[in-house]
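A.B. asks: Dropping the structure in here first, questions after.
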Amino acid sequence: MTEPREVNVGIGAGADAVAGAAAAGKELATEDMVLNIGPQHPSTHGVLRLRLTLDGERISAAEPVVGYMHRGAEKLFEVRDYRQIIVLANRHDWLSAFANELGVVLAVERMLGMEVPVRAVWARTLMAELNRVLSHLMFLGSYPLELGAITPVFYAFRERETLQAVMEEISGGRMHYMFNRVGGLKEDLPYGWLDRVTLAVADVRRRLPDIEALISGNEIFLARTVGVGVLDRETIMQYGVSGPIARASGVGLDLRRDDPYLAYGELPVKVVTRSAGDCNARFEVLLEQVRVSLDLADVCVERLRSLPRGPINQRLPKVLKVPEGHVYAWTENPLGINGYYLVSRGEKTPWRLKLRSASYNNVQVLREMLPGHLVSDMVAILGSMFFVVGDIDK
């Protein structure tokens, strides 16, 4: 149900009253207007609703209203076994399906005290970085589109298709890969797949400057993003903002380096940061992180080439039960920190699996960022927050 819109006018009637008030040096008495952006709006990436209070064209207050896409994933986890919950976990952020699967299987493996084969560890790391690039490319193309630049999205989708081809070849899925399993991966790497990954990564790296050249020096893009939507470090810490948005404000937290999982402890993870904290800085961080992930993918490919052939997963019993207890696993997803709190009572289904998604925390900070800006700046700020609505609502 939408809120009533409070449309307010000056005192008096007609132009004569306005002119008379101006001649007398009096200000017109006005009231704020409450405006709903969404839940179906082109700039909200889906069914997100923003309740804005406007003073003229300037935003005086903003409230994100979430929950329109809520599917109850956390309750559904409780009635599915540890093989079935993977298919639910990879869907809340539909741009980062492989990364979403990882958090679940890592939590279960820690509860079991299970060692994953080395080949699976490095293959998971490789696919996680390829998935990171796919997610970033989507926003690198769609964000300029929201500001009126049509061309970059075609370049971004060209690069996405190049990487999607190798991800689809190994997993059989284009978006929801379902390739992780408790104990490793679904199956071994196809013959010649590493060669095709190397070629795909090289092609994307070579053509990435095309996207940058379209935008980095564009006067309109810079005018819409530089100094707009500045997010300071203190606000980031208060709201638990993470990922590229936090690093664009100088908060250099990256779990791949600071709390390594998979094979990240053996990789030279470069944490990309900026200090401006505005819309432009967030875009720059995303673009630079693509290069970092492509470099990490190359290292993973070389390591996989050097490993001897061996198992890619652990053999599991027909009915997998997890010992009683609880564990917390977190990962550096493309959009920020994802956390998985698993509580088990020794059954084949989780007693509780709480999901901490990156987008949920990141979008809450809009109530601090939007006030003081014009309505026209709202689109630029909203797009630069790089969220997925399903990741907010779960």
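A.B. asks: In the P(r) worked out for the stretch 127-275, what percent of Cα pairs fall beyond 28 Å?
C.D. replies: I get 32 percent for the Cα pairs in the stretch 127-275 exceeding 28 Å.
A.B. asks: Quote the accessible area belonging to residue 70 in square angstrom, nearest 10, computed with a 1.4 Å probe and with ligands, DNA and RNA left uncounted.
C.D. replies: Accessible surface of residue 70 is approximately 120 Å².
A.B. asks: Under 29 Å from the Cα of residue 186, which lysines turn up, not counting those fewer than eight places away in the same chain?
C.D. replies: Hits, sequence-local ones excluded: 75, 318, 321, 348, 354, 394.
A.B. asks: Moving to a separate point now. Give the separation of the Cα centroids, the stretch 246-260 to the stretch 175-198, in Å.
C.D. replies: Value for the Cα centre distance between the two parts: 27 Å.
A.B. asks: With every protein chain left in place and a probe of 1.4 Å, what is the accessible surface of residue 300, to the nearest 10 Å²?
C.D. replies: Residue 300 has an accessible surface of roughly 0 Å² with all protein chains in place.
A.B. asks: Let me ask something else. Given the -39500 (n - 2.57) contribution per DSSP H run of 4+ residues, what per-residue ellipticity at 222 nm results for the chain, rounded to the nearest 500 deg cm²/dmol?
C.D. replies: After summing the helix terms and dividing by residue count, I get -14500 deg cm²/dmol.
A.B. asks: Using the Karplus equation 6.51 cos²θ - 1.76 cosθ + 1.60 (θ = phi - 60°), what ³J(HN,Hα) coupling, rounded to whole Hz, does each residue of the stretch 376-393 give in order, writing x for Gly and Pro?
C.D. replies: Taking θ as phi minus 60°, the curve returns 5, 7, 4, 5, 5, 5, 4, x, 6, 7, 6, 10, 10, 4, x, 6, 6, 8 Hz for the stretch 376-393.
A.B. asks: Scaled to the compact-protein estimate 2.2 N^0.38 Å, what is the alpha-carbon radius of gyration of the stretch 243-394, rounded to two decimal places?
C.D. replies: 1.30
A.B. asks: Rounded if a/c is under 1.5, else prolate if a/b is larger than b/c, else oblate: which is the stretch 334-377, with a ≥ b ≥ c the root eigenvalues of its Cα gyration tensor?
C.D. replies: The shape class here is prolate.
A.B. asks: Under a point spin-label approximation (7 Å from Cα along Cα-to-Cβ), what is the residue 87-residue 187 distance to one decimal in nm?
C.D. replies: Each label point is offset 7 Å from its Cα along the Cβ direction, giving 1.8 nm.
A.B. asks: Same structure, new question: Using a 1.4 Å probe on the protein heavy atoms, what percent of the accessible area of the stretch 282-394 belongs to carbon and sulfur?
C.D. replies: Carbon plus sulfur share of accessible area: 52 percent.
A.B. asks: Sticking with this structure for a sec: Given H placed 1.01 Å from N in the peptide plane, which residues other than close sequence neighbours of residue 60 have an amide H under 5 Å from its amide H?
C.D. replies: It is 53, 54, 55, 372, by chain and number.
A.B. asks: Can you run phi through the Karplus equation (6.51, -1.76, 1.60; θ = phi - 60°) for the stretch 189-205 and list ³J(HN,Hα) in whole Hz, with x for Gly and Pro?
C.D. replies: Coupling constants for the stretch 189-205: 6, x, 4, x, 5, 4, 5, 5, 5, 4, 5, 5, 4, 5, 5, 5, 4 Hz.
A.B. asks: On to the next question. One-quarter of the Cα convex hull surface for the chain, in nm²?
C.D. replies: Projected over every direction and averaged, the Cα hull of the chain covers 22.0 nm².
A.B. asks: Just add up the charged neighbours of residue 318: K/R +1, D/E -1, any other residue whose Cβ is under 12 Å from the Cβ of residue 318.
C.D. replies: After counting each charged neighbour, the total is +3.
A.B. asks: Apply the Debye scattering formula to the stretch 88-131, with a single equal point scatterer on each alpha-carbon and no solvent, then give log10 I(q)/I(0) at q = 0.31 Å⁻¹.
C.D. replies: Results for the stretch 88-131 at q = 0.31 Å⁻¹ read -1.08.
The values are calculated or read from the model by the stated rules, or taken from the named source; none is laboratory data. Note that this is a predicted model, so its numbers are computed, not measured. We place every Cβ from the backbone using ideal geometry, glycine too, and count neighbours over all the protein chains shown. Surface accessibility is based on the protein's heavy atoms, side chains included, excluding ligands, DNA and RNA. Shrake-Rupley method; radii C 1.70, N 1.55, O 1.52, S 1.80 Å.
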